[in-house]
Each structure stands twice: as C-alpha cells, then as structure tokens.
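S.K.: Before anything else, here's the structure in question.
The values are calculated or read from the model by the stated rules, or taken from the named source; none is laboratory data. In this text, all values refer to a predicted model and were calculated from it rather than measured experimentally. Reconstructed Cβ throughout: ideal geometry from the backbone, glycine too, with neighbour counts over all protein chains shown.
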Amino acid sequence: MTEPVAITGLGLITPAGTDTDATWKVVHAGQGSAASPDPALAGLPVDFSCRVPLSAEALDDRVGRASWRMSRNAKLAVVAAREAVRDAGLDPTAWNGDRVAVVVGCGFGGEAERAAQERRLSEHGPDLISALTIPLIIPNMAAGEVAIDLKAHGPGLATATACAAGATAIATAHTLLRAGLCDIAVAGGTEAASSRLTTSGFWRAGALSQRTGDITGASRPFAADRDGFVMSEGAGILVLERYEDAVARGGEPRALLVGSGSTTDAHHPTAPHPDAHSAEKALRTALTMAGLAPHDIDHVNAHGTSTRLNDAGEAAMIARALPHRPSVTAAKGVLGHSLGAAGAVEAALTVLTLQHCTVPPIANLRVPAPEFDLDCVTGHPRPQNVRTAVTHSFGFGGHNVVLALTRAS
C-alpha cells in the first residue's frame, strides 16, 4: 500500500452547471439530461449536444483579459482550475510555483478554432488566418494556459488518451506526487470538441445516439435500448497533495486518492475488448496499490457511455471483479460524454459521493439491461455510507484507467 494522496480542491464547469456545487446538484438529482438542440450542428443526422450553460461572452468574462488568445477548451480548464485552487485554500501568488505541477488531459484541442481557421484559409487565403492558429488548436495548450494563470513552474504535462485523458492526468499527478517531483498537482481534463466534423465522425462510427425525437432521454447508460452517447463539453480539475503536506498546512482533504491503474487493450482502434480483461487488470492494479480487496469497494462510478459495446464490457467486468454488487452510477446520463474531460469530471463527482454519502441515480435508466448483473442506482439518489469507491475511464486506442478513492476521515 502506498501513501495516500489528498484531494483538497475541486473545480467543475459542465453542462449541468458552471461550478462544482451547481453541477453536483443537477447530477445528484439525476432527473434528466442536459442535452439540447445545437445550432452549430443544424442539418446533421445528430443535431444535439450538451453544452456548458455560458455564452461565449460570459465565459470570456470569467477568464478575463487573456481570454482572447485561448481556445474554448483552455478557457474551461482555466475556470475549473481557479475554482479547484480556491477550494483547496491555496494562493498562487504565495505558493512556491517551482513545486506545483499541472497535468491536464484533452482529446481534441481547439476543435472549433481549428474549423474557424480552416474556413478562413479556404475563403481568404493564408494571409488572413490568425497568427495564434497553432496555440489555439494544439491539445497541450489547456495545460499551458492553466500553468500560466496559476504561475505553476513544476512539471507540465498534457495527456491525450482520448476519453480516458482526464483520469490519466490524475493518475499521472498521483505518480508525480509519490515520486517527490512536486508538492502540489493541479490535474484533470477539459474538452470542447462538439464540431460538425467530430459529431459526424462519431456518428459515422456508430457511437452517437440518434434519438433526435427524445434528446433529453438519449443518453441512457446500461439500458437495454441504449444506442450511443451524446456529445458534451466541460472541464474537471482536482488539486492533489501528499496527505501529510495537506494536513501540515491546515488543509482539509475532501477525499484520498489511494490507488490508480492503467492498461491498454491492444485490441482495436475504437472497439473495447469484449472480455474487458485489460480493464479488469487496471481495476485490480488500483486496488493492489491501495491495499484494498475487491469486497472493500462500496461504489463504482462507471464510464457508462450508453454505447452497446462499452456498457456490455464494463458491466461484465464489474460483475466479475466485484461480485458483491457495489452500487453503480454513471454521470453521462445527465452530462453526456465530455470525452477528454469525462474521467476528471467523474473523479470529482466520486469525491462528492464519498463526502455526502449519497449516490446519484443514472439518468434515463429505469431498468438495466437484464443481462447485466449490476446494482445500478435508478430513479432517485440513494443514501449510502460510501467509504471506498472506484471510478473507471476508457478511451479509443484501448486505454483503461481506474482510480481508487476513499473517504478522508
């Protein structure tokens, strides 16, 4: 068992709300999806998504004077990181920035900005594209802008493990802290990739729900009639510190990150391995690191994409590895799938489940598919004395990440 890492701050900006409390309130209720018609997708076979409820101008106001040079995904990351640092009781003007790491996952980078600059290039030629085109579109700039904003000079990394990127970032930060390479890690994921091209690409791959007549009911993890995920955006950032350091400075840990496991299916570019054995190995690695047995797990925050293949493999893996049937939830019923941000958003929600001793229901799920031997929370929040939980994240390329968390006290 390794020394635990304290999670001392949370920052969220999602389609359910523009901060952590607002997001938790909507996810906890679990009564519907944040999906709505998306004017940017008009005319496509799938023309709806889950968007953060802030206008572009309002988001720029939140970010401040540097917003002009940032892509939307970077802006979301900066807003979430500021909230997380503030929640941790830390002051970037007073800390030793050389000992602060930033690790932010992102799947696509500045997708809307890429599309805009490609249009300008096509219509007006190279002289009229922005001189900022490259920093607007490369996926590491969210991490870079967060580091600039927070004056963090320690290790700066951008993880790109597709829909596992946010969880990979947190696992990487866990490793950096345990190795003594930083004293504070600001880690998580961000994404704003709902463009005409990405939406069409996921639709062509058969990954998106096509319930255009039932938009708010389209994302339904673990349901028998699930037909795909709903595109989403957002950011989730956590502040992590070694437990003894957090306590010594008077910090109040929200939860403890006690283990992480990462594996690769090495099976197919987009389809998860049907037996989910590599995903199970990631789970067992996280438990071993944490010094936990499978029966110690009270709760699972599932990846739960609402796709046929992912939910089937994940359900089989949970039933096999955790046969005592811990409670299972999946936030994508409310939030849609925020791709590179999802793992970090769901890690933050798992922290809140531990703190509040209540499990949010899976929105739009009435009865799980009969072949799934899972204790899915449905209908209403479930009070539960959750002491230990795991959260799963999986991504194209066969990436699997599992984080193990426990209550702080």
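Okay, residues lined up against (1) crowded, with 24+ Cβ neighbours inside 10 Å; (2) of a type outside the set (A, V, I, L, M):
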residue	(1), (2)
336	yes, yes
355	no, yes
360	yes, yes
368	no, yes
373	no, yes
377	no, no
385	no, yes
393	yes, yes
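S.K.: Among the residues of region 176-198, is any part of a helix (DSSP H, G or I) and either free of Cβ contacts under 8 Å to residues at least 24 places away in the same chain or touching a Phe, Trp or Tyr at 6+ places or on another chain (Cβ under 8 Å) (or both)? Write out each step before concluding.
M.R.: The initial filter retains those residues of region 176-198 that are part of a helix (DSSP H, G or I), namely 176-178, 196-198.
Cutting the leftovers down to either free of Cβ contacts under 8 Å to residues at least 24 places away in the same chain or touching a Phe, Trp or Tyr at 6+ places or on another chain (Cβ under 8 Å) (or both) gives us 198.
Yes, some residue in region 176-198 is part of a helix (DSSP H, G or I) and either free of Cβ contacts under 8 Å to residues at least 24 places away in the same chain or touching a Phe, Trp or Tyr at 6+ places or on another chain (Cβ under 8 Å) (or both).
S.K.: Inside region 283-309, can you point out the residues that are out of contact with any Ser or Thr (no Cβ under 8 Å at 6 or more places or on another chain), crowded, with 24+ Cβ neighbours inside 10 Å and assigned to a helix (DSSP H, G or I)?
M.R.: Hit for region 283-309 is 283, nothing else.
S.K.: Only one of these conditions is not met by residue 139: (1) surrounded by fewer than 23 Cβ atoms within 10 Å (Cβ to Cβ); (2) out of contact with any Asp or Glu (no Cβ under 6 Å at 6 or more places or on another chain); (3) assigned to a loop (DSSP other than H, G, I, E, B). Which number is it?
M.R.: Tallying (1) surrounded by fewer than 23 Cβ atoms within 10 Å (Cβ to Cβ); (2) out of contact with any Asp or Glu (no Cβ under 6 Å at 6 or more places or on another chain); (3) assigned to a loop (DSSP other than H, G, I, E, B), residue 139 fails exactly one: (1).
S.K.: Kindly evaluate residue 144 against the criterion of being at pLDDT 95 or above, on the phi > 0 side of the Ramachandran plot, out of contact with any Lys or Arg (no Cβ under 8 Å at 6 or more places or on another chain) and not β-branched (Val, Ile, Thr).
M.R.: Details: at pLDDT 95 or above: yes; on the phi > 0 side of the Ramachandran plot: no; out of contact with any Lys or Arg (no Cβ under 8 Å at 6 or more places or on another chain): yes; not β-branched (Val, Ile, Thr): yes.
When the stated conditions are applied, residue 144 does not pass them.
S.K.: Also, I was wondering about something else. Quick check on region 369-378: of everything there that is touching a residue at least 60 places away in the same chain (Cβ under 8 Å) and over 23 Å from the mean Cα position of the chain (by Cα), which residue is nearest to residue 327 (Cα to Cα)?
M.R.: This residue is 372.
S.K.: I would also like to ask the following. Closer than 30 Å to residue 202 by Cα, under 24 Å from the mean Cα position of the chain (by Cα) and crowded, with 18+ Cβ neighbours inside 10 Å, is that true of residue 85?
M.R.: On the way: closer than 30 Å to residue 202 by Cα: no; under 24 Å from the mean Cα position of the chain (by Cα): yes; crowded, with 18+ Cβ neighbours inside 10 Å: yes.
No.
S.K.: Among residues belonging to region 223-246 that are part of a loop (DSSP other than H, G, I, E, B) and touching a residue at least 60 places away in the same chain (Cβ under 8 Å), point out the one that is farthest from residue 171 (Cα to Cα).
M.R.: Going residue by residue through region 223-246, those that are part of a loop (DSSP other than H, G, I, E, B) are 224-228, 230, 232.
Now drop any that are not touching a residue at least 60 places away in the same chain (Cβ under 8 Å), which leaves 224, 226-228, 230, 232.
Values: 224: 32, 226: 30, 227: 30, 228: 27, 230: 26, 232: 23 Å.
Among residues in region 223-246 that are part of a loop (DSSP other than H, G, I, E, B) and touching a residue at least 60 places away in the same chain (Cβ under 8 Å), the one farthest from residue 171 (Cα to Cα) is 224.
S.K.: For region 45-62, check the following and say yes or no: at least one residue is of a type outside the set (S, T, N, Q), exposed (fewer than 14 other Cβ atoms within 10 Å of the Cβ), touching a residue at least 60 places away in the same chain (Cβ under 8 Å) and in contact with a helix residue (DSSP H, G or I) (Cβ under 9 Å, 6 or more places away or on another chain).
M.R.: Checking region 45-62: at least one residue is of a type outside the set (S, T, N, Q), exposed (fewer than 14 other Cβ atoms within 10 Å of the Cβ), touching a residue at least 60 places away in the same chain (Cβ under 8 Å) and in contact with a helix residue (DSSP H, G or I) (Cβ under 9 Å, 6 or more places away or on another chain).
S.K.: Still on this structure: Quick check on residue 129: is it touching a residue at least 24 places away in the same chain (Cβ under 8 Å) and surrounded by fewer than 19 Cβ atoms within 10 Å (Cβ to Cβ)? If you could, list the steps in order and put the result at the bottom.
M.R.: Working: touching a residue at least 24 places away in the same chain (Cβ under 8 Å): no; surrounded by fewer than 19 Cβ atoms within 10 Å (Cβ to Cβ): yes.
The answer is no for residue 129.
S.K.: Would you point out which residue out of 220, 211 is crowded, with 24+ Cβ neighbours inside 10 Å, in the same structural domain as residue 82 (by TED's automatic domain parsing) and not in a strand (DSSP E or B)? Full working, then the answer.
M.R.: Working: 211 fails: crowded, with 24+ Cβ neighbours inside 10 Å.
Result: 220 is the single residue among 220, 211 that is crowded, with 24+ Cβ neighbours inside 10 Å, in the same structural domain as residue 82 (by TED's automatic domain parsing) and not in a strand (DSSP E or B).
S.K.: Checking residue 70 against (1) surrounded by fewer than 24 Cβ atoms within 10 Å (Cβ to Cβ); (2) within 26 Å of residue 159 (Cα to Cα); (3) of a type outside the set (Ser, Thr, Tyr), only one condition comes out false. Which one?
M.R.: (1)
S.K.: Continuing with this model, one more query. Would you confirm whether any residue within region 313-320 is farther than 26 Å from residue 81 by Cα and without any contact (Cβ under 8 Å) to a residue 40 or more places away in the chain?
M.R.: Of all residues in region 313-320, those farther than 26 Å from residue 81 by Cα come to 313-320.
Those left that are additionally without any contact (Cβ under 8 Å) to a residue 40 or more places away in the chain: none.
Among the residues of region 313-320, not one is farther than 26 Å from residue 81 by Cα and without any contact (Cβ under 8 Å) to a residue 40 or more places away in the chain, which makes the answer no.
S.K.: Restricting to region 199-208, what's the tally of residues that are free of Cβ contacts under 8 Å to residues at least 40 places away in the same chain and either of a type in the set (Gly, Ala, Ser) or assigned by TED's automatic domain parsing to the domain that holds residue 300 (or both)?
M.R.: Result for region 199-208: 2.
S.K.: Right, next: Quick one: would you say residue 345 is aliphatic (A, V, I, L, M), in contact with a Lys or Arg (Cβ under 7 Å, 6 or more places away or on another chain) and modelled with pLDDT of 95 or more? Break it down into steps so the answer makes sense when it comes.
M.R.: Values: aliphatic (A, V, I, L, M): yes; in contact with a Lys or Arg (Cβ under 7 Å, 6 or more places away or on another chain): no; modelled with pLDDT of 95 or more: yes.
So residue 345 fails the test.
S.K.: Would you call residue 306 modelled with pLDDT of 95 or more and closer than 21 Å to residue 164 by Cα? Explain how you work it out, then say what you get.
M.R.: Working: modelled with pLDDT of 95 or more: yes; closer than 21 Å to residue 164 by Cα: yes.
It is true that residue 306 is modelled with pLDDT of 95 or more and closer than 21 Å to residue 164 by Cα.
S.K.: Pull out all pairs, ordered by first then second residue, where Cβ-Cβ is under 9 Å, the residues are six or more apart or on different chains, the first lies in region 1-21 and is under 30 Å from residue 32 (Cβ atoms), and the second is in a strand (DSSP E or B) and of a type in the set (S, T, N, Q).
M.R.: Qualifying pairs under 9 Å: 13/190; 15/36; 15/49.
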